[in-house]
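Some notes on the structure that comes next.
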Amino acid sequence: MALGRGSAVVLLLCFLVLQSEMARAATYRVGDSRGWTFNTVTWPQGKRFRAGDTLAFNYSPGAHNVVAVSKAGYDSCKTPRGAKVYRSGKDQIRLARGQNYFICNYVGHCESGMKIAINAA
């Protein structure tokens, strides 16, 4: 099936829009130079996140982890059954549009501020 000139232009425009969206995506190092550690609950304040941005969680594996949770899991510091648990120490997590919640589920860590809530536009 041959594409007409108009179809080719539409395809090119779609490609360019996709490329510009990907180029605008940012990567944020959670906790900045301190990394993913205690008292990071306030780290997102003042930052503007977009869907497709990447959060880089850097921490010592075996000492911490990252769990993507719901608001209820965030508020209660409890890991719901079936939640995705990251353990590499260098986790890259892409933000979805809307609210995104992450905790460390090691005993006492979330309660000590090792959790973040991010709203991605």
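The values are calculated or read from the model by the stated rules, or taken from the named source; none is laboratory data. Model, not experiment: these values are computed from the prediction. Using ideal geometry, Cβ is built from the backbone for each residue, glycine included, and neighbour counts are taken over all protein chains shown.
Overview of results
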read-out: Tally of residues being surrounded by 14 or more Cβ atoms within 10 Å (Cβ to Cβ) and among the acidic types (Asp, Glu) across the range 25-67; value: 1
read-out: Among residues of the range 23-42, those that are among the hydrophobic types (A, V, I, L, M, F, W, C) and not in a loop (DSSP other than H, G, I, E, B), counted; value: 1
read-out: Test for ALA68: is it farther than 17 Å from GLY113 by Cβ and within 13 Å of the chain's Cα centre (by Cα); value: yes
read-out: Number of the condition not met by PRO80 [criteria: (1) out of contact with any Phe, Trp or Tyr (no Cβ under 8 Å at 6 or more places or on another chain); (2) modelled with pLDDT of 95 or more; (3) assigned to a loop (DSSP other than H, G, I, E, B); (4) not aliphatic (A, V, I, L, M)]; value: (2)
read-out: Residue within the range 105-114 that is touching a residue at least 40 places away in the same chain (Cβ under 8 Å) and either closer than 11 Å to LEU55 by Cα or touching a helix residue (DSSP H, G or I) at 6+ places or on another chain (Cβ under 7 Å) (or both) present; value: no
read-out: Test: residue in the range 96-103 that is part of a loop (DSSP other than H, G, I, E, B) and surrounded by 13 or more Cβ atoms within 10 Å (Cβ to Cβ); value: no
read-out: Filter pass, ALA72 being in a helix (DSSP H, G or I), on the phi < 0 side of the Ramachandran plot, modelled with pLDDT of 95 or more and of a type outside the set (Ser, Thr, Tyr); value: yes
read-out: Unmet requirement for ARG87, which otherwise passes all of (1) surrounded by 17 or more Cβ atoms within 10 Å (Cβ to Cβ); (2) of a type in the set (Lys, Arg); (3) in contact with a Pro (Cβ under 7 Å, 6 or more places away or on another chain); value: (1)
read-out: Residue list for the range 31-41, restricted to those being closer than 19 Å to GLY108 by Cα and either of a type in the set (Phe, Trp, Tyr) or under 15 Å from the mean Cα position of the chain (by Cα) (or both); value: GLY31, GLY35, TRP36, PHE38, THR40, VAL41
